[in-house]
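The values are calculated or read from the model by the stated rules, or taken from the named source; none is laboratory data. Source: prediction; values computed, not measured. All Cβ positions, even for glycine, are placed from backbone atoms using ideal geometry, and neighbour counts span all protein chains on display.
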Amino acid sequence: MGVEDKFPEVVTSRLTDLVGWARKNSLWPMPLGLSCCAIEMMATVGPRFDLSRFGAEVFRFSPRQSDVMIVAGTLTWKMASVARRIYDQMPDPKWVIAMGVCASSGGLYRNYAVVPGVDRILPVDVYTMGCPPRPDTLIRAVMELQKKIDELAIDGRRPREPVFVQ
Amino acid sequence: MSPESAPVLPPPAAGAASAASAASGAPRFAAAVANPKVMRHALTTNEKLFVGPFLKSLLYTFSRMFKKDITRRYPEQKMENKPSLHGVPVLVMKEDGAPRCVACGLCEFVCPPRAIDIQPGETDRPIEREPKSFVIDMLRCIECSYCEEVCPEEAIVMSTDYEVVGRRREDFVWDLKKLLKPIAQLKDRIAWVRRTYRRWDSNADASAPPEGGVYRDPRWAGKSKPVDHH
Amino acid sequence: MADVPANPSSSSNPAAAAPAAPVAPPPDPLIAALTALGAEALPLTQDLLPVFRVERDAWPSVARALRRDPQLSFEMLIDVAGVDFPKRRPRFEVVYHLWSLTWNKVIRVKVGVPEEDPQVASVIDLWPTADWHEREAFDMVGVKFAGHPDLRRILMPDDYPWHPLRKDFPVEGIDNSISYVKAGGVLMTRELDVDRPAGQDRTPVDRSHGDPAGYSDGTPTLPEEGRS
């Protein structure tokens, strides 16, 4: 029983599913290009790899208009407060992709100046390996993030409740 | 200020230079005078109007619509599998299922980000040493292939897997179970390694084919042209 | 090394009179003029730059002469570097590279700075480019430049408590964690969504044994992972 039985051309869904579907297919990244990974990030939105196939090509250089932050490169402690401030300026719900080993764990730079992983200051959703990662890897990270968003509830934080099946 | 009244670069043999040279013996502005002047041509009417070049660029953009699409659809079309690709480092598993690695620790020593951790152990097999645990933190690995270059046993090589993505840092710590790869899947890379690193070996006989035969690029298959850069 | 004559003028006058300076092959009036100012000419190094050592108290007047004297006229300050020699007295050295565009000469001037009073006169009024160079030397080595209008850290965070290019500073940092940033109140405008317990921020890959390079891991916040 239900609407779909009476009107076979109508598809019903939960609002949560609809919002999640809309969110994951219109990610607007905030590019925090800090070093060489940024070059690969630029290549990812170029015609060869074309991130717009996943709806994530609208790189906004204003944090107010973006919802996923791509930390691409080596984050130093000097830059850490800036990165955190940019993250705080982004509207909820928001996600973080740590692109490359420098952003993910500090990588090669085990020294006093570099943050050993941006998860010291930001809640990272997807980590990416590579030095720098190929554009394919960033695309896969975006796909992984889409998968994660799909599992979230409407507030973008809690996991989505499962559909009740009789 | 007119250029006559304020010469930026006085000539080297000017009268003022003689006094200076008398004091120091060094010519004035010797390096600066050697710089040539940048020549620019005057703009044509077409360039001044800006319409022509503007339309030209628009036309170029428009014409791309009718040309071949260069986008590679990533999840379906992966990158070409070349043996020279620096992907994730993996451990070579012999036919009997044991790792080739003898836990000498050279890769641990040479790893620039120190991503490798080895604990050696002993076995009863003829090759007595083996790694009790071999862990690579893939979030530290920069895929530089130093470990492969330094390995005396050809036990660690770079694979062609390169898209490693995860949600937790713990997922990136790969142990023996995840690192071991059958040798049959790594033959191309091992041949490439032998061919490449033998180049730097001064004791190697460059005229002899490397062990395992001359590496042949599959793109040249059937064309009877071996790719050998010796 | 530190035996700069107490009365530089009397000892340097014969050097000015005799043009055959012992350190440079051709007789150099520049060396004579600098020696007359109170600088001590040091032996040439590999790069064949004339090197001078200046006492810290004499440095402001020497710098003014180097900049303003038409016979010297070093218009350009290429670099200011702070160097730490832990076993020497004085411990620190501030090295200036100066370039005379008029005479096409480059010299190097070293000013020793003791550890007890790490302070040297700023030359920002003579060469404005010294601004960021001196800030960097202050940040990395901890030499203070008296007279600098804005002596803040330039590379490290403002509330960073150490000077990381001193030789007794471990390269991996003393406490490479968020604590001091928190203490400065710069960063934490909201609570972290993920707060890793100590020890999980680095994976068990990190080891504390057999360090080939000879320096320790140096991160006391991280507990030792169980190594059987």
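Quick notes
- Any hit, segment A:86-99, residues being within 7 Å of another protein chain (Cβ to nearest Cβ) and surrounded by fewer than 22 Cβ atoms within 10 Å (Cβ to Cβ): yes
- Summed over segment A:101-135, residues that are in a helix (DSSP H, G or I) and either within 7 Å of another protein chain (Cβ to nearest Cβ) or among the small types (Gly, Ala, Ser) (or both) total 6.
- Out of C:Val143, C:Val120, one residue alone is touching a residue at least 60 places away in the same chain (Cβ under 8 Å), among the aliphatic types (A, V, I, L, M) and more than 25 Å from C:Leu44 (Cα to Cα). It is C:Val143.
- Filter result (away from every other protein chain (no Cβ under 13 Å), aromatic (Phe, Trp, Tyr) and under 34 Å from the mean Cα position of the chain (by Cα)) within segment B:51-88: B:Tyr60
- Lone qualifier among C:Val51, C:Val4, C:Val62 - being modelled with pLDDT under 80 and hydrophobic (A, V, I, L, M, F, W, C): C:Val4
- Scanning segment B:143-173 for residues that are in a strand (DSSP E or B) and in contact (Cβ under 8 Å) with a residue 40 or more places away in the chain turns up B:Ile156, B:Val157, B:Met158.
- Answer from A:Ala103, A:Ala113, A:Ala141, A:Ala98 - the residue that is within 29 Å of C:Tyr160 (Cβ to Cβ) and within 10 Å of the chain's Cα centre (by Cα): A:Ala98
- Flag if C:Leu101 is of a type in the set (A, V, I, L, M), in contact with a strand residue (DSSP E or B) (Cβ under 7 Å, 6 or more places away or on another chain) and within 18 Å of C:Asp69 (Cβ to Cβ): yes
- Spans of strands (runs of 3 or more DSSP E) in segment B:89-137 with at least 1 residues more than 8 Å from every other protein chain (Cβ to nearest Cβ) and farther than 20 Å from B:Pro182 by Cα: B:116-122
- Among the residues of segment A:130-166, those that are exposed (fewer than 15 other Cβ atoms within 10 Å of the Cβ) and modelled with pLDDT of 85 or more comprise A:Lys147, A:Asp150, A:Glu151.
- Among the conditions (1) modelled with pLDDT under 85; (2) under 18 Å from C:Val120 (Cβ atoms), the only one that C:Phe74 does not satisfy is (1).
Each row is one residue, and each column tells you yes or no for (1) among the basic types (Lys, Arg); (2) in contact (Cβ under 8 Å) with a residue 60 or more places away in the chain; (3) touching an Asp or Glu at 6+ places or on another chain (Cβ under 6 Å); (4) over 16 Å from B:Thr71 (Cα atoms).
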residue: A:Ala38; (1), (2), (3), (4): no, no, no, yes
residue: A:Pro47; (1), (2), (3), (4): no, no, no, no
residue: A:Ala56; (1), (2), (3), (4): no, yes, no, no
residue: A:Gln65; (1), (2), (3), (4): no, no, no, yes
residue: A:Ile70; (1), (2), (3), (4): no, yes, no, yes
residue: A:Thr76; (1), (2), (3), (4): no, no, no, yes
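- So B:Ala184, is it modelled with pLDDT of 90 or more, over 30 Å from A:Gly106 (Cα atoms) and surrounded by fewer than 18 Cβ atoms within 10 Å (Cβ to Cβ): yes
- Of the strands (runs of 3 or more DSSP E) entirely within segment C:68-172, those holding at least 3 residues that are within 14 Å of another protein chain (Cβ to nearest Cβ) and over 22 Å from A:Tyr112 (Cα atoms) occupy C:105-113.
- Segment B:153-182: number of residues that are more than 21 Å from A:Cys131 (Cα to Cα) and under 22 Å from the mean Cα position of the chain (by Cα): 2
- Criterion violated by A:Ala80 - all others in (1) over 30 Å from B:Met65 (Cα atoms); (2) touching a strand residue (DSSP E or B) at 6+ places or on another chain (Cβ under 7 Å) satisfied: (2)
- Taking segment A:144-163 as the range and being within 13 Å of the chain's Cα centre (by Cα) and more than 14 Å from chain C (Cβ to nearest Cβ) as the test, the residues that pass are A:Glu144, A:Leu145, A:Gln146, A:Lys147, A:Ile149, A:Asp150.
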